[in-house]
1. From (1) open to solvent by less than 80 Å² (accessible area, probe 1.4 Å); (2) touching a strand residue (DSSP E or B) at 6+ places or on another chain (Cβ under 7 Å), pick out the condition that doesn't hold for His149.
2. The conditions are (1) under 15 Å from the mean Cα position of the chain (by Cα); (2) more than 25 Å from Leu203 (Cα to Cα), and Lys3 fails exactly one of them. Which is it?
3. If only one of Asp115, Asp189, Asp110, Asp162 is touching a helix residue (DSSP H, G or I) at 6+ places or on another chain (Cβ under 6 Å), open to solvent by 30 Å² or more (accessible area, probe 1.4 Å) and closer than 25 Å to Arg39 by Cα, which one is it?
4. I'd like the full set of residues that are under 18 Å from the mean Cα position of the chain (by Cα) and small (Gly, Ala, Ser), limited to segment 6-33.
5. May I ask you to list the residues in segment 111-142 that are under 12 Å from the mean Cα position of the chain (by Cα) and either modelled with pLDDT under 95 or more than 17 Å from Thr196 (Cβ to Cβ) (or both)?
6. Residues in segment 177-211 that are within 30 Å of Ala152 (Cα to Cα) and within 20 Å of the chain's Cα centre (by Cα): how many?
7. Working only within segment 72-121, note down all residues that are free of Cβ contacts under 8 Å to residues at least 60 places away in the same chain and of a type in the set (A, V, I, L, M, F, W, C).
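The values are calculated or read from the model by the stated rules, or taken from the named source; none is laboratory data. Predicted, not measured: the structure shown is a model, and the values here were computed from it. Using ideal geometry, Cβ is built from the backbone for each residue, glycine included, and neighbour counts are taken over all protein chains shown. Only protein heavy atoms, including side chains, enter the accessible area calculation; ligands, DNA and RNA are left aside. Shrake-Rupley method; radii C 1.70, N 1.55, O 1.52, S 1.80 Å.
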Amino acid sequence: MYKYPNGALVVMAKSPEPGRVKTRLQTHFSSQQACDIYRELALFSIEQWRHAALCPIYYFYSGDKTIFANAFNVDSSSMWPQEGGDLGARMSSAVEHVSHSDFVILVGTDCPFVDKAYLQQAIDALSKAPVVIGPATDGGYVLLAMRTHCQALFGGIDWGSDRVLSQTLEHLRAENLDVHLLETLNDIDYPEDLHTLKSLPLLMKRLNCIF
């Protein structure tokens, strides 16, 4: 069924609830529209990853469990609540949960450009480096992959800032850990980011029903 049955794709996501998601889109859209945009972005990504069938997918959610499960067609046996104070602690907890895996790839749902080919590149790169990062244009990252749990990746980071990637790389250098960087991709956080989705016509068709 899976190309890498002993790997793990960890999806960190929120339940689509108005006012809780994509709040930075609300300069141009209502809270319901922003929520609908978030849901379509997340569902588009999740459907891609399922279709890719590279490795088992583990969903770590925040918000309402039932709303999350229904919105993204996730079985309760493959989803768990996010645990921890900040994003780093929550990601670390999720990685620890799947520590039995040969490798772990962490992704969010803000970047629909993370497709099957991008995931495959991350998996291939893990044969050369213990950590692989997919940088984001905003100074963060859209993907984090590792062969083993590395605590240096999760502590002392200014989450949500444009320093996330640079601080992560500093921590890896301090630990003498090699890292492989993938192609830089766009997150969809602000209204002006939506124009980058023109290269994904199927997604744009779904979003046009919201705008």
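1. (2)
2. All conditions are met except number (1).
3. Asp115
4. If the condition is that a residue be under 18 Å from the mean Cα position of the chain (by Cα) and small (Gly, Ala, Ser), then Gly7, Ala8, Ala13, Ser15 are the ones that fit.
5. Leu119, Ile133
6. Residues meeting the conditions: 12.
7. Of everything in segment 72-121, those that are free of Cβ contacts under 8 Å to residues at least 60 places away in the same chain and of a type in the set (A, V, I, L, M, F, W, C) turn out to be Phe72, Val74, Met79, Trp80, Ala117.
Okay, residues lined up against (1) touching a Lys or Arg at 6+ places or on another chain (Cβ under 9 Å); (2) in contact (Cβ under 8 Å) with a residue 12 or more places away in the chain; (3) among the charged types (D, E, K, R); (4) surrounded by fewer than 18 Cβ atoms within 10 Å (Cβ to Cβ):
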residue: Thr23; (1), (2), (3), (4): no, no, no, yes
residue: Ala34; (1), (2), (3), (4): yes, yes, no, no
residue: Leu43; (1), (2), (3), (4): yes, yes, no, no
residue: Glu47; (1), (2), (3), (4): no, no, yes, yes
residue: Arg50; (1), (2), (3), (4): no, no, yes, yes
residue: Ile57; (1), (2), (3), (4): yes, yes, no, no
residue: Tyr61; (1), (2), (3), (4): yes, yes, no, no
residue: Lys65; (1), (2), (3), (4): no, yes, yes, yes
residue: Asn70; (1), (2), (3), (4): no, no, no, yes
